[in-house]
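Here's the structure we're looking at; comments come further down.
The values are calculated or read from the model by the stated rules, or taken from the named source; none is laboratory data. In this text, all values refer to a predicted model and were calculated from it rather than measured experimentally. Note: ideal-geometry Cβ built from the backbone for every residue, glycine included; neighbour counts use all protein chains shown. Note: accessible area is taken over every heavy atom of the protein model, side chains too, but ligands, DNA and RNA are not part of it. Shrake-Rupley method; radii C 1.70, N 1.55, O 1.52, S 1.80 Å.
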Amino acid sequence: MIITLTLNPCIDRTITVEKFLYGGTNKVTGVRNDVSGKGINVSTVLKNLGMKTMCLGFNYSDDAQALENSLENQGIAYDFVGVEGKLRINVKIFDSSQKVMSEFNESGHWVPEESVEELLEKLNQYWDETEIMVLDGSVPQGVPKDIYRRIIEKANEKGIKTILDAANELLAEGIKGKPYLIKPNIDEFSAALGRKMENPEEIIEAAREIIRKGVSYVCVSMGENGAWMVSKDKALFAPPLKLDIKGIQGAGDSLVAGICMAIRQGKSMEDMLRYAVAAAGGSLLREGTQLCVKEDFERLLEQVMIKER
């Protein structure tokens, strides 16, 4: 089974405008409210693609039913640790003329130390049935920045493959735990290495720098510029698909879901990247936080090109 961990779930309020005018009056052409969170998005795509998955993490008492109803309606299993408070609201402004998203993300309500320990204890119930674990996104106030590292180290002891998709200190600390794969975007990757990477050679060398620390694969998503998958002896690049982009929220999470599916099916490194790009593309075709469905995934999979450097 593939388990996803979402420690900072949210409600994504996506507002689409014809052309975003900073400091001006903007005409709204569409509004969506979606219960979300990076790990939850990964599980949603996995479910859409026919994979068995479960969501773990925190849920907030004021909005607990909304999150649980959303997952139940999709047929996705969950087991959350309940905490006081409400789901944070993230406002996304999508400029349809430029295909650019501006995000305004809340930090999330405080989580007490005892709830963190309860979560770590809950994970013990699932190690034996878990093949892949996705540790995904930000953490709310009160959750220590080494939380992903601690979980990755425990998963490694159990022989479980871990995928880390995080930023800043969470990423830096998580790498110390030696996850199987990390999936930063190019900005997060540059920040983790402390330098801006502007050409393929710099990206590949930086990825190998991380791999020498014990990570098996580094996948760097670059938005409209494609994606990289690097191992210790191979570097692959997938150019972007030509798509009519309706929204970009959740594309990175869909990319992670594609990787999970390929790993679960025992596919090659090339297919890991191919599945990733097809799943991400499937979500780019949909508005708001609507995510990739199987029909689009299968169609786009045939269009993905992989180039070896």
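Structure above, values below:
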{"item": "Of all residues making up the range 45-71, the number that are touching a Gly at 6+ places or on another chain (Cβ under 7 Å) and farther than 21 Å from LEU284 by Cα", "result": "7"}
{"item": "The range 231-275, residues that are within 20 Å of ASP165 (Cα to Cα), among the polar types (S, T, N, Q) and outside any helix (DSSP H, G or I)", "result": "SER231, GLN249"}
{"item": "Extreme residue, surrounded by the most Cβ atoms within 10 Å (Cβ to Cβ), among residues of the range 222-257 that are at pLDDT below 95 and within 20 Å of LYS196 (Cβ to Cβ)", "result": "GLY252"}
{"item": "Single unsatisfied condition, VAL83 versus (1) over 17 Å from the mean Cα position of the chain (by Cα); (2) surrounded by fewer than 21 Cβ atoms within 10 Å (Cβ to Cβ)", "result": "(2)"}
{"item": "Those strands (runs of 3 or more DSSP E) lying entirely in the range 1-63 with at least 2 residues farther than 22 Å from VAL83 by Cα and open to solvent by less than 10 Å² (accessible area, probe 1.4 Å)", "result": "10-17"}
{"item": "Unmet criterion (only one of (1) touching a helix residue (DSSP H, G or I) at 6+ places or on another chain (Cβ under 8 Å); (2) in a loop (DSSP other than H, G, I, E, B); (3) open to solvent by 50 Å² or more (accessible area, probe 1.4 Å)) for GLU209", "result": "(2)"}
{"item": "Residues within the range 185-220 that are hydrophobic (A, V, I, L, M, F, W, C) and touching a residue at least 40 places away in the same chain (Cβ under 8 Å), tallied", "result": "3"}
{"item": "Residue match in the range 157-164 (condition: without any contact (Cβ under 8 Å) to a residue 60 or more places away in the chain and under 17 Å from the mean Cα position of the chain (by Cα))", "result": "yes"}
{"item": "Residue that is surrounded by the fewest Cβ atoms within 10 Å (Cβ to Cβ), among those in the range 141-190 that are in contact with a Pro (Cβ under 9 Å, 6 or more places away or on another chain) and outside any helix (DSSP H, G or I)", "result": "GLY142"}
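The rows are residues; the columns are (1) touching a residue at least 60 places away in the same chain (Cβ under 8 Å); (2) closer than 23 Å to ARG13 by Cα; (3) of a type in the set (Gly, Ala, Ser).
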| residue | (1), (2), (3) |
| --- | --- |
| GLY226 | no, no, yes |
| ILE245 | yes, yes, no |
| GLY252 | yes, yes, yes |
| ALA262 | no, no, yes |
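Let's see how each residue does on (1) touching a Cys at 6+ places or on another chain (Cβ under 8 Å); (2) β-branched (Val, Ile, Thr):
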site	(1), (2)
ASN73	no, no
TYR78	yes, no
ILE89	yes, yes
SER96	no, no
VAL100	no, yes
GLU103	no, no
TYR126	no, no
VAL134	yes, yes
